[in-house]
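Only one structure is covered here, and it is reproduced in the block below.
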Amino acid sequence: MRYIFYPGCSQEGTALEYRDSTLAVLQALGADVQELEGWTCCGASVASVMSELLGFVLPARNLALAEKQANGRDLLTVCSACYTNFRRTFATLAANRQLHQKVNQALELEGLAYQGTLTARHILDVLANDFGPEAIRARVKKPLEGLTVAPYYGCQTVRPYSPFDDGQRPTSMLPLLEALGVKVHRHSREASCCGTSLLMTKPEVGLTMVGSVLEACEGADCIVTVCPMCHMNLDAYQDKVSRLLGRKVQIPVLYLPQLIGLALGLPEEKLGLRRHITPVKF
């Protein structure tokens with residue numbers, strides 16, 4: 001399996017452990033991964049608020065770079081916001097020729113042109129469908145038996161542009177987790193929003209949304225997610241949620257590649273488990 005890897009901004013800072021564990025797991029699975037040369041911020045959900053055109057130009061620039069470098073490789077990203085932004089750009093420009101031309105007029109300044117031949121794939125899609133649970137199970141060295149894990153997809157990983165799972169009742173993580181030997185804790189908030197930027201603009205609303213996810217996951221030993229924003233909200237705000245609920249809430253939150261890496265027997269220093277705010281202790 002061969003991929004062009006788009007890290008995204010958070011993988012250079014707050015979610016460095018997501019990047020490191022992803023690359024370590026892909027290497028262990030035998031993937032050939034090259035980082036996208038010259039990548040920049042995709043604008044996520046912020047750029048389009050300032051300018052609709054900028055909101056498409058930023059992701060299109062990275063897609064244009066990937067088209068030049070791909071050579072048969074898929075473009076892989078691990079950030080659900082970046083993933084959604086790339087797929088939104090792909091779908092919108094395919095349906096709007098005039099906007100596509102405007103975007104390429106802007107990209108001419110760098111000698112680039114987005115052809116619309118490539119869009120991004122999410123790491124969850126790649127793990128579930130390119131490798132699959134059986135290939136992962138075959139490489140497990142330390143089965144995580146006795147561990148109960150609550151999957152959390154968040155709202156952008158499986159919708160609105162994602163083709164690989166059901167937007168309301170996603171299941172793509174389940175066979176991967178079962179392949180590691182864990183017991184899966186199903187719950188009603190698996191694909192709900194974690195509050196994202198509401199924690200900055202309407203903190204009480206955002207904390208209530210974070211709390212609803214953490215409450216739904218109680219009874220599990222940890223939560224596993226595939227989105228850096230979701231991870232930050234669920235991991236970093238547990239003390240505030242505890243004060244809001246009037247009781248202690250504490251549950252480790254891991255990225256899916258970190259959990260897979262543990263089962264594959266990868267060294268913990270490659271997985272970045274000590275970077276989390278809520279301690280990871282099994």
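The values are calculated or read from the model by the stated rules, or taken from the named source; none is laboratory data. For clarity, every value in this text was computed on a predicted model and none was experimentally measured. Every residue, glycine as well, gets a Cβ built from its backbone with ideal geometry; the counts of neighbours run over all protein chains shown. Accessible surface is based on the protein model in full, side chains and every heavy atom, while ligands, DNA and RNA are left aside. Shrake-Rupley method; radii C 1.70, N 1.55, O 1.52, S 1.80 Å.
Comparing A179, G30, L127 along the charge dipole axis of the chain, the residue lying farthest to the positive side is A179, per the Cβ-charge model.
Debye calculation, C-alpha points only, no solvent: report log10 I(q)/I(0) for the stretch 37-77 at q = 0.17, 0.30, 0.32 Å⁻¹, in the same order as the q values. So the normalised log intensities are -0.46, -0.98, -1.05.
Counting only heavy atoms of the protein chains and using a 1.4 Å probe, D130 has close to 40 Å² of accessible surface. Evaluating 6.51 cos²θ - 1.76 cosθ + 1.60 at θ = phi - 60° for every residue in the stretch 165-178, the Karplus couplings come out as 8, 7, x, 9, 10, x, 9, 4, 7, 4, x, 5, 5, 5 Hz, glycine and proline recorded as x. For the stretch 82-90, 3J(HN,Hα) computed residue by residue from phi via the Karplus equation (6.51, -1.76, 1.60; θ = phi - 60°) reads 4, 4, 5, 5, 5, 6, 5, 5, 4 Hz, glycine and proline entered as x.
Once you divide the Cα radius of gyration of the stretch 167-282 by 2.2 N^0.38 Å, the number left is 1.06. Above 23 Å, the calculated P(r) of the stretch 1-98 contains 25 percent of its Cα-Cα pairs.
Gap in Å between the Cα centre of the stretch 216-282 and the Cα centre of the stretch 149-200? Distance between centres, Cα-based: 14 Å. Karplus-based coupling profile of the stretch 144-157, in residue order and whole Hz: 8, 5, x, 9, 9, 10, 9, x, 9, 8, x, 8, 9, 4, with θ = phi - 60° in 6.51 cos²θ - 1.76 cosθ + 1.60 and x standing for Gly or Pro. Residue order by solvent-accessible surface for T157, T208 is T208, T157, largest first, with ligands and nucleic acids left out and a 1.4 Å probe. Measuring nothing but how far apart in sequence close Cα pairs (under 8 Å, 6+ apart) lie, relative to its length, the chain scores a relative contact order of 20 percent. Positive end of the dipole of the stretch 226-273 (Cβ unit charges, origin at the Cα centre): among A263, P252, L273, the Cα lying farthest that way belongs to P252. The helix-based estimate of mean residue ellipticity at 222 nm for the chain, built from -39,500 (n - 2.57) per DSSP H run of four or more residues and divided by its residue count, is -12500 deg cm²/dmol to the nearest 500. The charge dipole of the stretch 75-214, taken about the Cα centre with unit charges on the Cβ atoms of Lys, Arg (+1) and Asp, Glu (-1), comes to about 120 debye, rounded to the nearest 20. With 0.36 nm allotted per residue and the present C-alpha distance subtracted, the R247-E37 stretch has 70.9 nm of extension available. Between I223 and A150, V253, L254, the built amide H atoms are under 5 Å apart, and every one of these is 5 or more places off in sequence or on another chain. Pairs of lysine residues in the chain that meet both criteria, 8 or more places apart or on different chains and Cα atoms under 28 Å apart, total 16. Backbone N atoms of the stretch 219-262 closer than 13 Å to the 7 Å Cα→Cβ label point of E204 belong to residues 244. Largest accessible area first, the listed residues K240, K142 line up as K142, K240 when surface is computed with a 1.4 Å probe on the assembled protein chains.
Computed extension length for L99-A113: 3.7 nm, one decimal, from 0.36 nm per residue of separation with the Cα-Cα distance subtracted.
Note on F164 and L53: the model spin-label points, each 7 Å out from Cα along the C-beta direction, lie 3.4 nm apart. Put M229, M1 in order of accessible area, highest first, and with a 1.4 Å probe you get M1, M229. For F5, the residues whose amide H sits under 5 Å from its own are Q34, E35, L36, L76, ignoring neighbours fewer than 5 places away on the same chain, with H placed 1.01 Å from N. For the stretch 93-219, the Cα-based Rg and Dmax, in that order, read 19.5, 56 Å. Computed from label points 7 Å out along Cα-Cβ, the spacing between R275 and A135 is 2.5 nm.
One quarter of the surface of the convex hull around the alpha-carbon atoms of the chain equals 14.2 nm², the direction-averaged projected area.
Rounded to the nearest 20, the Cβ-based charge dipole of the chain about its Cα centre (Lys and Arg +1, Asp and Glu -1) stands at 360 debye. Relative to the longest principal axis of the Cα atoms of the chain, helix 52-69 runs at roughly 90 degrees.
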